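First comes the structure, then the notes that go with it.
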Amino acid sequence: QHSATSHCSLSITMARPTPSSKVASTPAPAALKRLRQLSYLLDSAIRVPGSEIRFGLDPILGLFPGGGDTVSGLMSVYFVFEAARLGVPAATLGRMGVNILFDVLTGTVPVLGDLLDVTWKANSQNVALLEKHIAAPVESSAADKLFAVVVIAALLALVVGVATLSVWIVAQVIGLLS
């Protein structure tokens, strides 16, 4: 038997928007902030005294055959991964991939590739592409997501392949010298 005084109530409370929940007026998302910091570290953290020339860890890492380019290449692929996660369309992901492709391939040329790394800042360019997308988002499709998977897999294969080739070349040179 139910008492006349017992009842069940449901209340729904609508959350009020807080200043931090307004997308248009907030600073960049956390992912963009991380990518900006990583880009700065890789591309511009060090200034040549007495000049406006800046470079980061990318060309320094490139001085270590095989391993250095692998580390910086994998960090660059992370930019594309985050961009895909943020819904960047295929055309922009493709541009980002080409920036990394150029960076990784030129990095295989000893010394010249490292000098080019000082001027060709693929990570900074990719952050700029991501910022442009965030400022004026374009909806991505399922095909864009599939394209993102293909681009990321291809870039990972490229980085690992270049690293393997570099290690093999160093081993051959060491073998010739011994």
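Quick notes on this one:
- A search for C-beta distances below 7 Å between a residue of the stretch 90-117 that is assigned to a helix (DSSP H, G or I) and any residue that is open to solvent by less than 70 Å² (accessible area, probe 1.4 Å) and among the polar types (S, T, N, Q), counting only pairs 6+ apart in sequence or on different chains, returns Met96/Asn126; Asn99/Gln125; Asn99/Asn126; Ile100/Ser76; Asp103/Ser76; Gly113/Thr106; Leu116/Thr106.
- Condition met for Leu156 (surrounded by fewer than 18 Cβ atoms within 10 Å (Cβ to Cβ) and within 19 Å of Asn99 (Cβ to Cβ)): yes
- Qualifying residue in the stretch 37-44 (condition: modelled with pLDDT under 95, among the polar types (S, T, N, Q) and not in a loop (DSSP other than H, G, I, E, B)): no
- Only residues that are crowded, with 17+ Cβ neighbours inside 10 Å and over 15 Å from Arg36 (Cα atoms) were counted across the stretch 119-149, and they come to 5.
- Single match in Arg54, Arg34 (criterion: farther than 16 Å from Thr119 by Cα, charged (D, E, K, R), open to solvent by 30 Å² or more (accessible area, probe 1.4 Å) and out of contact with any Gly (no Cβ under 6 Å at 6 or more places or on another chain)): Arg34
- The set of residues in the stretch 92-107 that are open to solvent by 60 Å² or more (accessible area, probe 1.4 Å) and not aliphatic (A, V, I, L, M) comprises Arg95, Phe102.
- For the stretch 121-132, the set of residues classified as touching a helix residue (DSSP H, G or I) at 6+ places or on another chain (Cβ under 6 Å) and either of a type in the set (A, V, I, L, M, F, W, C) or outside any loop (DSSP other than H, G, I, E, B) (or both) consists of Ala122, Asn123, Ser124, Gln125, Asn126, Val127, Leu129, Leu130, listed by residue number.
- Checklist (1) open to solvent by less than 20 Å² (accessible area, probe 1.4 Å); (2) modelled with pLDDT of 90 or more applied to Gly68, failing item: (2)
- Unique residue being over 27 Å from Ile53 (Cβ atoms) and over 18 Å from the mean Cα position of the chain (by Cα) when the list is Ala153, Ala142: Ala142
- Hits in the stretch 37-49 (condition: farther than 14 Å from Thr119 by Cα and in contact (Cβ under 8 Å) with a residue 12 or more places away in the chain): Leu38, Leu41
- Yes/no for Ile169 being over 25 Å from Lys33 (Cα atoms), surrounded by fewer than 11 Cβ atoms within 10 Å (Cβ to Cβ) and β-branched (Val, Ile, Thr): no
- Residue that is farthest from Ala154 (Cα to Cα), among those in the stretch 52-75 that are in a helix (DSSP H, G or I) and touching a residue at least 60 places away in the same chain (Cβ under 8 Å): Asp58
The values are calculated or read from the model by the stated rules, or taken from the named source; none is laboratory data. Computed from a prediction, not measured in an experiment: that's the story for all the values here. Please note: Cβ atoms are built from the backbone with ideal geometry, for glycine as well, and neighbour counts cover all protein chains shown. All accessible areas refer to the heavy atoms of the entire protein, side chains included, with ligands and DNA or RNA removed. Shrake-Rupley method; radii C 1.70, N 1.55, O 1.52, S 1.80 Å.
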